[in-house]
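Contents: one structure, followed by commentary.
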Amino acid sequence: MNKIPVILDGDPGHDDAIAWVLANASPLLDIRACTSVCGNQTIEKTSYNSMRVMALIGLNVPFAMGRKKPLLREPIIAPNVHGETGLDGPALPEPAIKPEPIDGVELMAKVLKESAEPVTLVPTGPLTNIGALLLLYPELKPKIARISLMGGGIYFGNWTPAAEFNILVDPEAANIVFRSGVPITMSGLDVTEEALVFPEDFERIRALNNPVATVVAEWLDFFYKFHRGKGYDGAPVHDALAVTALVKPEILTMKDYYVQVETAGDFTTGMTIADHFGVLRQQPNATVVLGIDRQAFVDLLVEAAAYYGKVAG
Ligand code: RIB
Ligand code: CA
């Protein structure tokens, strides 16, 4: 079976890191490059975290640091969720690679240009790098097979009542992405808030007793602290859904919508607005993930963590 060529773009971030663990363990994906984006923490911290996660999982592909800040706005970071480092919790190896001497957007463009087939982009942070890529290299759009993103939500937000964090941080970039015409799979809060991993699930992963599984369990321990304080029964591993939509879509329910991004609302900036009744008579621009078989999702994460025990030999 032909593998899906992908570029992982994220702001690790505990759930980004788990998404990368899942992607790297999947036989269906061919990871061509990784890039960092300013989101959960500063670009310096998310870049350092990206390279440490790559070292942990043995992912030896080109990496480059993305844009230092959103296209037009000042950064919003989330130390309350991911800690001062952006990936607080278990000790991680030092980077095993050096960043490419080019910007993350240039690396994306290079990979797209050099690829024989179109590449799927998997952003799990603000869409700054993707928006910049589309602005700077419109001629490369045909080389982007799909954008499978974590972001948005067609019923509610999490950073404001209307907006999800990734979209809110850089709504201008998100607007460029949703207007681009590139096929989009949007894993927003509608599904990620259902993708809860419970403490008993953490123990299934910890019991695998390989170095990566142990770290994943400890990431979940840390990530759950914030959510437990908000009354959650488990940790919503948001970003893993952007990968799940590629490697196990059969456990998800999806629906096509025409989605717009608000960039100028007093209360709604960053909102992803779905035209539920087709009143705008526009063709859908996004496949929105709405539901999940949670148990199958957890089994997928456990299976991915177990992979690292096999490769360790
Ligand atoms: O709203 C959830 C998103 O914001 C996730 O990508 C998380 O990592 C943070 O970036
Ligand atoms: Ca993220």
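The values are calculated or read from the model by the stated rules, or taken from the named source; none is laboratory data. Just so it is clear, the structure is predicted and the values come from calculations on it, not from any experiment. Here the Cβ is made from the backbone with ideal geometry for all residues, glycine too, and neighbour counts use every protein chain on show.
Here are some notes:
- Here Leu280 meets each of (1) within 30 Å of Gly58 (Cβ to Cβ); (2) assigned to a loop (DSSP other than H, G, I, E, B); (3) of a type outside the set (Ser, Thr, Tyr) with one exception, condition (1).
- Among residues of the stretch 278-303 that are farther than 23 Å from Arg146 by Cβ, those with a beta-carbon under 6 Å from a residue that is acidic (Asp, Glu) at least six positions away or on a different chain give the pairs Val298/Asp201.
- Any chance Leu208 is in contact with a Phe, Trp or Tyr (Cβ under 9 Å, 6 or more places away or on another chain) and within 21 Å of Val289 (Cβ to Cβ): no
- Residue among Ile31, Ile97 that alone is assigned to a loop (DSSP other than H, G, I, E, B), away from ligand 2 (no atom under 13 Å from the Cβ), at pLDDT 95 or above and aliphatic (A, V, I, L, M): Ile97
- Number of residues in the stretch 1-41 that are over 16 Å from the mean Cα position of the chain (by Cα) and within 15 Å of ligand 1 (Cβ to nearest atom) equals 0.
- Residue count, the stretch 52-79 (criterion: within 15 Å of ligand 1 (Cβ to nearest atom) and among the polar types (S, T, N, Q)): 0
- Qualifying residue in the stretch 79-95 (condition: touching an Asp or Glu at 6+ places or on another chain (Cβ under 6 Å), more than 27 Å from Val182 (Cα to Cα), in contact (Cβ under 8 Å) with a residue 12 or more places away in the chain and surrounded by 17 or more Cβ atoms within 10 Å (Cβ to Cβ)): yes
- Condition check for Leu28: of a type in the set (A, V, I, L, M, F, W, C) and over 25 Å from Ile205 (Cβ atoms): no
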